[in-house]
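Inspection log for the structure reproduced underneath, given as structure tokens.
The values are calculated or read from the model by the stated rules, or taken from the named source; none is laboratory data. Computed from a prediction, not measured in an experiment: that's the story for all the values here. Ideal geometry is used to build each Cβ from the backbone, glycine not excepted, and the neighbour counts take in all protein chains shown.
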Amino acid sequence: MDFDLSPEQTQLKDGVDRLIAATYGSLDARQQLAREPLGFSETIWMRFAEMGLLGIPFSEEEGGFGGGPVETLVVMEALGKGLALEPYLATVVLGGGAVRLGGSAALKERVIPGVVEGEARLALAFTEAQSRYDLNDVATTARASGDGWVLDGAKCVVINGDGAGHLVISARTSGSRRDRDGISLFLVPADAPGVKIHGYATQDGGRAAEIALSGVAVTQADLIGKEGRGLPILERVAEFAIAALAAEAVGIMAALHGLTIEYLKTRQQFGGPIGQFQVLQHRAVDMLMALEQARSMAFYAAMMVDHADAAERSAALSAVKVQINRSCRLVGQEAVQLHGGIGMTMEYLGAHYFKRLTMIESLFGDTPHHLRRVGAAGGLAA
């Protein structure tokens with residue numbers, strides 16, 4: 001199988017790499033951008049739009065550029081290398097993904113052009129305090145009222161929720177809290193009456209928000225997909241998110257491995273660079289092996305995320321997340337140990353890579369969660 005990028009994909013990769021290198025050339029540059037009101041640069045976000053990055057997964061009919069999972073992989077890997085702060089995952093993959101996969105033609109026409117042009121930012125609000133990794137555990141309610149619904153409840157750890165203009169919110173229109181049926185998705189303006197957003201900085205330097213909903217009115221036009229059939233859309237979005245996070249993690253691990261190798265070559269101890277000691281060389285090779293395993297699984301995710309068989313696709317994406325999580329932990333911990341004390345200081349870029357890898361490890365399911373899913377599916381081989 002040919003894993004080489006096409007000329008168009010190579011051109012995309014070169015362009016994104018140059019932009020990220022110019023923008024996030026140092027830790028100081030990243031920290032300065034993080035101090036912006038939204039936690040990222042709106043100017044850089046518009047550069048993303050100008051380059052067509054925000055329209056990659058959307059079809060040309062929807063106003064996008066008709067890219068696919070490989071193009072998303074290319075962008076996410078570059079964002080990982082630079083530890084970019086812009087809400088690409090939140091807007092394009094999560095919120096935009098829900099609209100792309102479940103929205104009506106009218107809703108897509110209303111939302112997607114704004115996303116592609118950089119004028120609209122979205123966030124997916126699906127996590128609740130009790131839900132952990134179960135997408136079907138939804139206590140937020142949507143009560144029928146006239147020709148619409150009234151939403152009440154709360155969402156937590158909404159990625160880039162305080163910088164979004166619209167929220168994609170999961171709410172229960174019927175059934176009990178953990179039923180698979182009865183979950184609906186709604187597109188809600190962030191400034192709608194009854195919506196309260198409390199934003200905060202996350203450990204990896206990004207942004208998240210706690211969202212409270214009290215008597216929030218929505219209409220039939222705000223419904224994404226069919227009433228009570230929102231869970232399959234959420235599950236597909238989660239699969240695309242895992243594929244995107246796998247690519248981002250590969251970019252981070254590649255950068256952190258390179259940083260560690262450079263440190264081993266330059267750190268002087270016992271009369272020479274510490275990289276001359278074979279035991280440290282072996283540990284650096286272990287990092288490289290984990291990185292390459294993760295890279296293979298990131299490509300596997302890009303191949304399988306559009307696979308027609310839902311059961312095979314789900315098991316494959318869970319297997320991807322297991323290996324990505326394991327590689328994140330090994331590469332991150334080895335980098336810290338090989339650096340010594342400096343590896344944990346916030347004045348050093350490597351510590352920020354480590355923090356982001358730790359966050360990725362828990363996003364959309366930790367290792368035990370996805371191991372159980374692979375086991376329940378009977379493994380990857382029929």
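Can V70 be described as surrounded by fewer than 22 Cβ atoms within 10 Å (Cβ to Cβ) and under 16 Å from the mean Cα position of the chain (by Cα)? So V70 fits the description; yes.
What do you reckon, is E262 under 30 Å from Y300 (Cα atoms), surrounded by fewer than 19 Cβ atoms within 10 Å (Cβ to Cβ) and either modelled with pLDDT of 95 or more or in contact with a helix residue (DSSP H, G or I) (Cβ under 8 Å, 6 or more places away or on another chain) (or both)?
Working: under 30 Å from Y300 (Cα atoms): yes; surrounded by fewer than 19 Cβ atoms within 10 Å (Cβ to Cβ): yes; either modelled with pLDDT of 95 or more or in contact with a helix residue (DSSP H, G or I) (Cβ under 8 Å, 6 or more places away or on another chain) (or both): yes.
Against the criterion (under 30 Å from Y300 (Cα atoms), surrounded by fewer than 19 Cβ atoms within 10 Å (Cβ to Cβ) and either modelled with pLDDT of 95 or more or in contact with a helix residue (DSSP H, G or I) (Cβ under 8 Å, 6 or more places away or on another chain) (or both)), E262 qualifies.
Residue by residue, here is whether (1) more than 16 Å from D204 (Cα to Cα); (2) of a type in the set (V, I, T); (3) in a helix (DSSP H, G or I) holds:
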position	(1), (2), (3)
E334	yes, no, yes
Q337	yes, no, yes
L357	no, no, yes
I360	no, yes, yes
G378	yes, no, no
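For region 206-228, enumerate the residues that are more than 23 Å from the chain's Cα centre (by Cα) and either in the same structural domain as I112 (by TED's automatic domain parsing) or of a type outside the set (A, V, I, L, M) (or both). Before the answer, list the steps.
Going residue by residue through region 206-228, those that are more than 23 Å from the chain's Cα centre (by Cα) are 213-223, 226-228.
Of everything in region 206-228, those that are more than 23 Å from the chain's Cα centre (by Cα) and either in the same structural domain as I112 (by TED's automatic domain parsing) or of a type outside the set (A, V, I, L, M) (or both) turn out to be S214, G215, T219, Q220, D222, K226, E227, G228.
Which members of region 275-299 meet the condition of being in a helix (DSSP H, G or I), among the hydrophobic types (A, V, I, L, M, F, W, C) and without any contact (Cβ under 8 Å) to a residue 12 or more places away in the chain? First the steps, then the outcome.
Our first condition is that a residue be in a helix (DSSP H, G or I); within region 275-299, this holds for 275-276, 278-299.
Right, trim to among the hydrophobic types (A, V, I, L, M, F, W, C) and you get 279-280, 284-285, 287-291, 294, 297-299.
Listed by number, the residues that qualify are V279, V285, M289.
Residues are listed down the side, and each one gets a yes or a no for (1) touching a strand residue (DSSP E or B) at 6+ places or on another chain (Cβ under 7 Å); (2) outside the structural domain of K13 (by TED's automatic domain parsing); (3) at pLDDT below 95; (4) closer than 23 Å to F299 by Cα:
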residue	(1), (2), (3), (4)
P37	no, no, yes, no
M46	no, no, no, no
P57	no, no, no, yes
G67	no, no, yes, yes
L73	no, no, no, yes
E77	no, no, no, yes
K81	no, no, no, yes
A84	no, no, no, yes
T91	yes, no, no, yes
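For the structure I just gave you, tell me whether G365 is within 26 Å of S26 (Cβ to Cβ) and assigned by TED's automatic domain parsing to the domain that holds A246. Against the criterion (within 26 Å of S26 (Cβ to Cβ) and assigned by TED's automatic domain parsing to the domain that holds A246), G365 does not qualify.
Considering only residues that are surrounded by 24 or more Cβ atoms within 10 Å (Cβ to Cβ) and of a type outside the set (D, E, K, R), which ones fall in region 243-259? Give the derivation first.
Narrowing region 243-259 to residues surrounded by 24 or more Cβ atoms within 10 Å (Cβ to Cβ): 243-253, 256.
A243, A244, L245, A246, A247, A249, V250, G251, I252, M253, L256, listed by residue number.
The single condition among (1) at pLDDT below 95; (2) over 18 Å from the mean Cα position of the chain (by Cα) that Q203 does not meet is (2). Screening F364 on (1) under 22 Å from A238 (Cα atoms); (2) in contact (Cβ under 8 Å) with a residue 40 or more places away in the chain; (3) in a helix (DSSP H, G or I) shows it passes everything except condition (3).
As a summary of the residue check, P273 satisfies the conditions (1) surrounded by 18 or more Cβ atoms within 10 Å (Cβ to Cβ); (2) of a type outside the set (D, E); (3) closer than 30 Å to E347 by Cβ except for the one numbered (1).
Please go through (1) within 17 Å of D222 (Cβ to Cβ); (2) at pLDDT 95 or above for D162 and return the number of the only condition it doesn't satisfy. Of (1) within 17 Å of D222 (Cβ to Cβ); (2) at pLDDT 95 or above, only one is false for D162: (1).
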